[in-house]
Amino acid sequence: MFDGVAKRYDLTNTVISAGQDRYWRWATRKALALRPGERVLDLAAGTGVSTAEFIKSGAWCVATDFSQGMLAAGRFREVPMVAGDATALPFADGVFDAVTISYGLRNVSDPDAGLRELLRVTKPGGRLVIAEFSTPVFGPFRTLYMEYLMKALPRVARSVSSNPDAYVYLAESIRAWPNQPQLALRIADAGWSAVKWRNLTGGIVALHRAYKLD
């Protein structure tokens with residue numbers, strides 16, 4: 001499915017988010033608090049658009065994704081890219097200072113296994129930042145957002161996406177995804193510590209941050 005949307009994936013995301021995707025990437029980079037020379041894993045990186053944002057910090061960042069079509073569509077960005085399964089990452093234990101996944105955890109076949117794998121490849125003291133669609137906190141806004149998600153988003157995607165049917169799945173997967181406290185509990189259950197979250201755009205997106213203590 002993601003191979004099928006790769007060609008116009010970045011454009012479609014900008015259109016359906018009304019340009020908020022750029023702000024969300026910037027906020028994710030700030031939450032990671034990267035320093036020059038650090039090693040960073042950008043999981044479910046797609047075409048590497050998020051990876052290109054993160055390397056602005058001076059850190060070394062590798063884009064990893066299950067979809068080779070997505071990686072191929074982003075080759076022009078000239079960032080390191082490795083195809084890999086989130087539930088069996090092709091990296092050794094404890095090699096990254098920070099790990100991050102944006103809008104991809106709910107697409108992993110076993111999200112909890114993915115969280116444990118991210119923990120495995122992180123150095124002691126390292127950090128995790130997850131950017132994911134979540135649940136708006138203000139009731140009336142949440143109702144409007146869900147109406148857009150289930151009705152308008154697929155129609156908008158038809159005008160720009162190379163595979164608009166995939167965005168029906170996108171909307172359904174967002175609606176079924178755990179809310180902010182529920183996801184925080186799953187992150188902690190996977191072994192991460194000091195889990196906190198911050199809402200972006202009223203809770204349409206949430207940034208969850210956590211640490212590996214040992």
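We did not get these values from a lab; they are worked out from the coordinates using the rules stated. Quick caveat: nothing in here was measured; it's all calculated off a predicted structure. Cβ: placed from backbone, ideal geometry, glycine included. Neighbour counts: every protein chain shown.
The angle between the Cα long axis of helix 180-189 and the main principal axis of the chain comes to about 30°, on a 0 to 90 degree scale. Of all lysines in the structure, the ones whose alpha carbon falls short of 17 Å from that of residue 30, not counting any fewer than 8 places away in one chain, are 56, 196. Site pair residue 138 and residue 176 shows an inter-label distance of 3.0 nm when each label is modelled 7 Å from Cα along Cα→Cβ.
Size descriptors for the chain: radius of gyration and Dmax over Cα atoms are 16.2, 48 Å. Measuring r between the beta carbons of residue 151 and residue 198 and using R0 = 35 Å, the FRET efficiency lands at 0.80. Taking the inverse of the mean 1/r over every pair of distinct Cα atoms in the stretch 1-125 gives a Kirkwood hydrodynamic radius of 14.6 Å. Beta-bridge orientation, the chain: approximately 45 percent antiparallel, per DSSP, counting only bridges with both partners inside. Mind checking the angle between helix 111-120 and the chain's longest principal axis? C-alpha axes, 0 to 90 degrees, to the nearest 10. Roughly 30 degrees between the two axes. The C-alpha atoms of the stretch 62-151 occupy a region whose extents along the principal axes are 46, 33, 22 Å, arranged from largest to smallest. Against the chain, whose longest principal axis comes from its Cα atoms, helix 20-32 is set at around 20 degrees.
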